[in-house]
Structures are given as structure tokens and as C-alpha cells.
Amino acid sequence: MAGATLPRNDIATMKPNVRLMAEIGIVSRHWRMAMDEQLRALGVTQARWVTLWWIAESKTVLNQKDLAKRVGIESSTLVRQLDALEARGLVERVVDRDRRARLVRMTPAAVPVIERIKQLADELGSEILAGVDGGTVTECASVLRLMRERLRKRAKTAPPAEEEAPARRKA
């Protein structure tokens with residue numbers, strides 16, 4: 001239809017579940033932008049601090065493929081981020097026992113950087129949640145965890161081709 005205009009998405013008139021999803025996306029984007037602003041002084045870009053965060057939060061040493069999935073970027077994009085983090089001495093890649101995979105781990109030099117990232121995340125979280133009751137925050141976190149688990153379960157039942165193609169994000 002030439003010249004047709006689509007109705008504008010007005011967040012206030014969306015169904016509650018759609019509105020919640022839209023708000024999550026918007027808040028996530030703004031939180032990352034605010035973190036980027038705070039971390040610029042450390043010389044760490046969003047892609048790099050998110051990568052470092054996932055390495056630090058992992059209970060095990062991750063291979064590059066698994067790390068890329070957790071970060072939500074393509075393996076080739078992750079390689080560029082790891083190159084930069086490795087050049088700064090924050091991570092190291094080691095060959096796995098079977099020689100087919102490269103494992104990624106933080107170096108001791110990364111510890112103060114990740115501590116600063118976590119400190120800034122805590123300060124930003126306190127700032128944006130000021131005045132919100134702790135019980136409400138805990139309840140919201142529980143709902144988000146439930147949503148995450150359901151999305152993970154849904155992804156596991158998806159055809160393998162979809163499972164292997166995480167959402168692309170620019171580095």
C-alpha cells in the first residue's frame with residue numbers, strides 16, 4: 001500500500017506483557033549506555049566490559065564459542081574483543097587439552113578492572129533504584145529470572161539452526 005501509515009506504537013496503550021518487554025529492552029539499552037559513560041575513563045568499551053563481565057561471572061573457564069553465546073555476539077566479533085582485552089593484559093587464551101578449542105580466562109591484571117566495573121554497576125543500580133523498596137527489587141529480579149529461564153527453555157526446544165544463531169549486536 002503506497003502511502004499507508006502504520007499506527008504508532010504507544011507504549012502506554014500496549015498490552016501489559018508487551019509493555020513490560022518493551023520497557024525491559026529500553027531500560028537495558030539505557031543501562032548499558034550509562035555504564036559505557038562511566039567506564040569510558042577505564043578505556044573499556046561496552047563490548048569489552050560485557051565480555052570481561054561474563055568471563056568473571058563464569059564458574060568455569062569458557063571456550064570462545066560458549067563465551068560468544070553468553071555475551072550474545074558472533075564468534076568473529078568476540079575474537080576482536082578478546083584481542084583487545086588480551087593486548088591490555090586482561091585476558092589470556094589457552095589451548096584446550098584436545099587442541100581444538102581455545103579457552104579464555106582472566107588474568108590477575110583484570111581483577112581490579114572487573115572490581116571497578118562491578119562497583120560502578122552497583123553505584124548505578126543504587127542511583128536508578130533509589131526510593132524503590134528492596135522487596136520490590138527482589139520480586140522484580142525473581143520475575144526476570146523466571147522469564148530468562150523460560151526463554152532458555154524455549155530456545156532449547158527450538159530447531160538447532162536457531163539455537164546456533166544468537167541475536168547479533170554490534171561491537
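The values are calculated or read from the model by the stated rules, or taken from the named source; none is laboratory data. Quantities reported herein were computed from a predicted structural model and do not represent experimental measurements. Virtual Cβ from ideal backbone geometry, glycine too; neighbours counted across all protein chains shown. For accessibility, only protein heavy atoms count, side chains too; no ligands or nucleic acids. Shrake-Rupley method; radii C 1.70, N 1.55, O 1.52, S 1.80 Å.
Summary table below
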| item | result |
| --- | --- |
| Order by protection proxy (mean Cβ within 10 Å, highest first), peptides 83-91, 55-63, 17-25 | 83-91, 55-63, 17-25 |
| Charge dipole magnitude, Cβ of K and R +1, D and E -1 - region 1-105, Cα centre, debye nearest 20 | 240 debye |
| Local electrostatic count, Gly89, Cβ distance below 14 Å [Lys/Arg +1, Asp/Glu -1] | +1 |
| GNM flexibility winner over the chain from Leu144, Leu120, Leu78 (Cα, springs under 10 Å) | Leu144 |
| Accessible area per residue, Å², the chain with all protein chains present, probe 1.4 Å | 72 Å² |
| Size of the chain as Cα extents on the principal axes (Å, biggest first) | 54, 42, 35 |
| Relative contact order of region 1-134, pairs being alpha-carbon contacts under 8 Å that are 6 or more residues apart, as % | 21 percent |
